[in-house]
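Asks: If you scroll down you'll find the structure; I have some questions about it.
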Amino acid sequence: MKRSVIILVLGMLMATGVQAQDAISKFFSKYEADDSFTHVSINKRMIELFTNLEIETKEDEEIMNAISKLQGLKILAKEDTPNAKKLYDEAFKLISSGGYDELMSVRDGDTNMKFMIKESGSKISELLMVIGGEKEFFILSLYGTIDLKQIAKMSKAMEIDGLKGLEKLGDQKSN
């Protein structure tokens, strides 16, 4: 498979989403119809369609294997908003009651980024990435059976600014 096709497929996956776990689903439901937010959702069927593409390299095969284990992805983002801190705090109230474990946090100037996971047995079933700054808010929920090393490789291959933080997960816990 051509690298450009993989990047396109992964870009579409990372720019879209499906149903997340209970606590976060409530948060997404509250804001997904609000036109001031960017909302993206990809479901399992779309992921299945991507995994039927032709594979040419070992790296492509590894990435497609990781994608095939995903159930969906949701993204909710809002730029240039005076209530970004409120949104960030609201999301974390739900996250803290939802059984998530923090993997990593990064603070860069006024921007906070946190990576959280939910495990089912010994497998990671959901990855959350939450970013809050002075005027921006972003939350990504990726769920299914998640291999953090493969997700990190995908984000690096895509070279999408909003997902650069996922590259930092390559050295973190993986299943």
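Asks: If I ask for residues that are buried (at least 16 other Cβ atoms within 10 Å of the Cβ) and not in a helix (DSSP H, G or I), which ones from the stretch 81-95 would you list?
Replies: Result: 81, single match.
Asks: Of all residues being among the charged types (D, E, K, R) and in contact with a helix residue (DSSP H, G or I) (Cβ under 8 Å, 6 or more places away or on another chain) in the stretch 64-113, which is modelled with the highest pLDDT? Just the residue, please.
Replies: Of everything passing the filter in the stretch 64-113, 78 is modelled with the highest pLDDT.
Asks: Moving on. State yes or no: is residue 73 farther than 18 Å from residue 27 by Cα and in contact with a strand residue (DSSP E or B) (Cβ under 7 Å, 6 or more places away or on another chain)?
Replies: In short, no.
Asks: When the stretch 100-125 is examined, which residues are found to be assigned to a loop (DSSP other than H, G, I, E, B) and surrounded by 15 or more Cβ atoms within 10 Å (Cβ to Cβ)?
Replies: 100
Asks: Spot the failing condition for residue 71; the list is (1) open to solvent by less than 80 Å² (accessible area, probe 1.4 Å); (2) out of contact with any Ser or Thr (no Cβ under 6 Å at 6 or more places or on another chain); (3) closer than 18 Å to residue 120 by Cβ, and only one is missed.
Replies: Among (1) open to solvent by less than 80 Å² (accessible area, probe 1.4 Å); (2) out of contact with any Ser or Thr (no Cβ under 6 Å at 6 or more places or on another chain); (3) closer than 18 Å to residue 120 by Cβ, the lone unmet condition for residue 71 is (1).
Asks: Just name the residue that is modelled with the lowest pLDDT out of those in the stretch 19-63 that are among the aromatic types (Phe, Trp, Tyr) and not in a loop (DSSP other than H, G, I, E, B).
Replies: 50
Asks: Then there is this: Suppose we filter the stretch 131-154 for residues that are surrounded by fewer than 23 Cβ atoms within 10 Å (Cβ to Cβ), closer than 15 Å to residue 24 by Cβ and of a type in the set (Val, Ile, Thr); how many remain?
Replies: Number of matching residues: 1.
Asks: Kindly evaluate residue 128 against the criterion of being modelled with pLDDT under 90 and not in a loop (DSSP other than H, G, I, E, B).
Replies: No: the conditions fail for residue 128.
Asks: Starting from residues that are touching a strand residue (DSSP E or B) at 6+ places or on another chain (Cβ under 8 Å) and among the β-branched types (Val, Ile, Thr), keep the ones in the stretch 39-57 and report whichever is farthest from residue 71 (Cα to Cα).
Replies: Top of the filtered list is 40.
The values are calculated or read from the model by the stated rules, or taken from the named source; none is laboratory data. If you're wondering where the values come from, they're calculated on a predicted model, not measured in any experiment. Don't worry about glycine lacking a Cβ; one is built from the backbone with ideal geometry, like all the others, and counts go over all protein chains shown. Side chains included, ligands, DNA and RNA excluded: accessible areas come from the protein's heavy atoms. Shrake-Rupley method; radii C 1.70, N 1.55, O 1.52, S 1.80 Å.
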